[in-house]
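Working notes, beginning with the structure itself.
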Amino acid sequence: MINTESRYLSTCPVGCNAPLETTTYVLPEGALLRCSACGQLISQCSAARYWQSMQEFDDPKGTLPEAGLEQRRFRRSKSFLDQIAKLLGQSPEQIRLLDVGCSSGAFLNTAVKLGFQAEGVEPAPKAAATAQAAGLNVRQGLLQEASYAEGQFDAITLFEVIEHLQQPAELLQECRRILRPGGILLIGTGNAASWSMAAMGARWEYLSIAKHGGHVSFFSPESIALLGQRAGFGVAAIRTRGVRFCEKGDCATLIHRIAKLAAEFLNIFAALLNKGHDMAVYLKKT
Ligand SMILES: [Zn+2]
């Protein structure tokens, strides 16, 4: 049954005017709904539960990597930045980059280290303060409040933002306005058409609003391309990676280890077939 009482999302965030169908993926907030036009999966969580889960995640540490994971995170961020520079055909020093939802500035810090002219905007006060204290150029607030000039940036990055929004097209349109023609918008989000989702269904941790505050809207390569197209972008590249068959603590240790080995092997094919659960979509302003 579809619970319509004060739901945070009542229509497809991709912008389809199509009925929502119930699925067999049952979360604590109710079964995930699927847009009958584009396949987008959406949570039935209430508006109150959504805002509560978002507040739980405003802490000063933000998205700073845990100790021991800094190098891995640096390499991951560098691969995104290398790809942006390649698509733009510009050197880092020439690229004016804005990280929207920059949190405590982990990605911005890497961009600055690599020579990019990078700045950020972040609504969560504590995380933004951490980034500012580290000497990064960060404005606290929403992108729409920052009123950047038209065509001011060559590249914009949006990590872990789009899966939170009721109307992501509005944010993409603002990104488009402040990007120069041919500029690149990189969106990082989960991939609901991944093998991890196929294997774990509702047990995939990414879907959990308790573990990932505010995750309510789940994209596939197809639905995100459609959203981009509706906001005036073309797809320049889509990259996915990561396969998991069970979450840690969700199955016996030995099985977890075997599943992890199998997943590492399958990672190569997942990347080739866009079936990885971490998705990076490079959109180009048309
Ligand atoms: Zn849709």
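Rule-based calculations on the coordinates, nothing more; no lab input. Since the model is a prediction, treat every value here as computed from it, not as a measurement. Because the Cβ atoms are built from the backbone with ideal geometry, glycine has one as well, and the counts that use them run over all protein chains shown.
Numbers for the structure displayed
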read-out: Relative exposure of 266, 273, 136, judged by other C-beta atoms within 10 Å (fewest first); value: 273, 266, 136
read-out: Ranked packing of 186-193, 42-49, most packed first, by mean Cβ within 10 Å; value: 186-193, 42-49
read-out: Rounded if a/c under 1.5, otherwise prolate or oblate - the chain, Cα gyration tensor axes; value: rounded
read-out: Rounded Å value of the spacing that divides the Cα centres of the stretch 220-286 and the stretch 1-52; value: 22
read-out: Ascending count of other beta-carbon atoms within 10 Å, so fewest first, for 175, 102, 35, 251; value: 251, 35, 175, 102
read-out: The chain, relative contact order in percent, only Cα pairs under 8 angstrom and at least six apart counted; value: 18
read-out: Rounded if a/c under 1.5, otherwise prolate or oblate - the stretch 197-252, Cα gyration tensor axes; value: prolate
read-out: Fewest-first ranking of 163, 66, using other Cβ atoms within 10 Å as the exposure measure; value: 66, 163
read-out: Shape call, the stretch 32-92: gyration tensor on alpha carbons, a/c limit 1.5; value: oblate
read-out: Quarter of the Cα convex hull surface for the stretch 72-133, i.e. its orientation-mean projected area (nm²); value: 4.0
read-out: Value of [θ]222 nm, deg cm²/dmol, for the chain, DSSP H segments ≥ 4, -39500 (n - 2.57) each, nearest 500; value: -10000 deg cm²/dmol
read-out: Radius of gyration and Dmax over the Cα atoms of the stretch 140-286, both given in Å; value: 17.0, 55
